[in-house]
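**Q** Right, I'll just put the structure down here and ask away after.
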Amino acid sequence: MADGPSRRIQVDLSGHVALVTGASRGIGRAIALALGRAGATVACVARNEEKLKETAGAIEAAGGKASVHLCDVVDSAAVQSTLDAVVAAEGRIDIVVNNAGITKDTLLPVMSDDDWDQVIAANLRSVFLFTRAAAKVMMRQRSGRIINMSSVSGLMGNPGQSNYSASKAGIIGFTQTVARELAKRKVTVNAICPGFIATDMAEALGPAIIDEVKKRIPMQRIGEAEEIADAVLFLASDSANYITGQVLTVDGGMTA
Ligand code: NAP
């Protein structure tokens, strides 16, 4: 696109407090930066302290406010104390983006119990833990946004990803039910299904598989993390006040 006024979504989230899991790199980092640029105070959550500090530093360098929280998102006590620390420091929690996730791809016959358990825990249990902790505060506030990162693999099958697909489809069912439970308190709960996005997770597949995947994308390109961050900004904004329990797919037409 030629230089000129940006046509990307502009949202004012000043005064809002956001928490982003998996903010140390990839899509989570892009989401944290976008929320920070929009004026939100951003709690950056993951396990890699150095990379989290880098994300928080980039938010602050752009004039925003951020904090770093080391937390393994599968650890119930750690999740609760992370949420408590953010609420104690900022007085509220407005936006939670459950983005942390892992893959352990392998075909079913050779998938180990650990491959299954670790992916379900990191991708699905984590969403339950942070949503439960945040919901209690958001229900009291009578406002809040919960945005869960699912995947196109949760909408359609993908050989080698039975554990991952199950976790991401689980996120969709969880999102729909919790949306119904929290709607009366003006807390919205939505999911985003990214297609194939350029991050470490996608790189790990290797160039041959990446080329194969590109052929299945009608737009014939891999998505950018910022394109997922834009979807988050929309769902976090007042423009999405009446949207809950929905799945927003951002995949270049892959599942069309
Ligand atoms: P990524 O580059 O591999 O980053 C994953 C993030 O999750 C890292 O920040 C990592 O932080 C964090 N994380 C993983 N396990 C964690 C744990 N136990 N506790 C705390 N943090 C943990 O992945 P990505 O591509 O940005 O993906 C982000 C989300 O989008 C994931 O849920 C993924 O499934 C989803 N998604 C990605 C794509 C894609 O094509 N990239 C497509 C569809 C959906 P630490 O290692 O520092 O803890």
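The values are calculated or read from the model by the stated rules, or taken from the named source; none is laboratory data. Note that the structure is predicted; figures quoted are calculated from it, not measured. Cβ placement follows ideal geometry from the backbone for every residue including glycine, while neighbour counts extend to all protein chains displayed. All accessible areas refer to the heavy atoms of the entire protein, side chains included, with ligands and DNA or RNA removed. Shrake-Rupley method; radii C 1.70, N 1.55, O 1.52, S 1.80 Å.
**Q** What do you reckon, how do 60, 50 stack up by accessible area (1.4 Å probe), largest on top?
**A** Output order, biggest surface exposure first: 50, 60.
**Q** Quick check on the stretch 129-207: take the gyration tensor over C-alpha atoms, sort the square-rooted eigenvalues as a ≥ b ≥ c, and tell me if it's rounded (a/c under 1.5), prolate or oblate.
**A** prolate
**Q** Shifting gears a bit: Kindly report the accessible area of the stretch 75-187 per residue (heavy atoms of protein chains, probe 1.4 Å, no ligands, DNA or RNA), in Å².
**A** With all protein chains present, the stretch 75-187 gives 45 Å² per residue.
**Q** Charges at C-beta only: +1 for Lys and Arg, -1 for Asp and Glu. How large is the resulting dipole of the chain about its Cα centre, in Debye rounded to 20?
**A** 940 debye
**Q** Amide H of residue 249 versus every other amide H placed in the peptide plane: which residues, excluding those fewer than 5 positions away on the same chain, fall under 5 Å?
**A** Sorted by chain and number, the residues that satisfy this are 193.
**Q** At 1.4 Å probe size, put 124, 52, 108 in order of accessible surface, largest to smallest.
**A** Correct descending sequence by accessible area is 108, 124, 52.
**Q** Of the accessible area of the chain, with the probe set at 1.4 angstrom, what percent is carbon plus sulfur?
**A** Roughly 52 percent of what the probe reaches on the chain is carbon or sulfur.
**Q** Sticking with this one: Quick check on the stretch 6-73: take the gyration tensor over C-alpha atoms, sort the square-rooted eigenvalues as a ≥ b ≥ c, and tell me if it's rounded (a/c under 1.5), prolate or oblate.
**A** prolate
**Q** Skipping prolines and chain starts, which residues have an amide H placed within reach, meaning under 5 Å, of the one on residue 13, given they are 5 or more residues away or on another chain?
**A** For residue 13, the qualifying residues are 39, 40.
**Q** Could I ask something else about it? What number, rounded to the nearest 500 deg cm²/dmol, is the helix-based mean residue ellipticity at 222 nm of the chain, given -39500 (n - 2.57) per DSSP H run of at least four residues and division by all its residues?
**A** For the chain, the value works out to -13500 deg cm²/dmol.
**Q** Something else about it: Using modelled amide H (1.01 Å from N, peptide plane; none on Pro or chain starts), what sits under 5 Å from the amide H of residue 100, excluding residues fewer than 5 places away?
**A** 21, 22
**Q** Next up: Name the residue from 195, 88, 116 whose Cα lies farthest towards the positive end of the charge dipole of the stretch 17-250, charges +1 on Cβ of Lys and Arg and -1 on Cβ of Asp and Glu.
**A** 88
**Q** Can you check what the Kirkwood hydrodynamic radius comes to for the stretch 17-250, Cα pairs only, in Å to one decimal?
**A** 17.7 Å
**Q** Quick check: net charge around residue 66, other residues with Cβ under 14 Å of its Cβ, Lys/Arg +1 and Asp/Glu -1?
**A** Residues close to residue 66 contribute a combined charge of +1.
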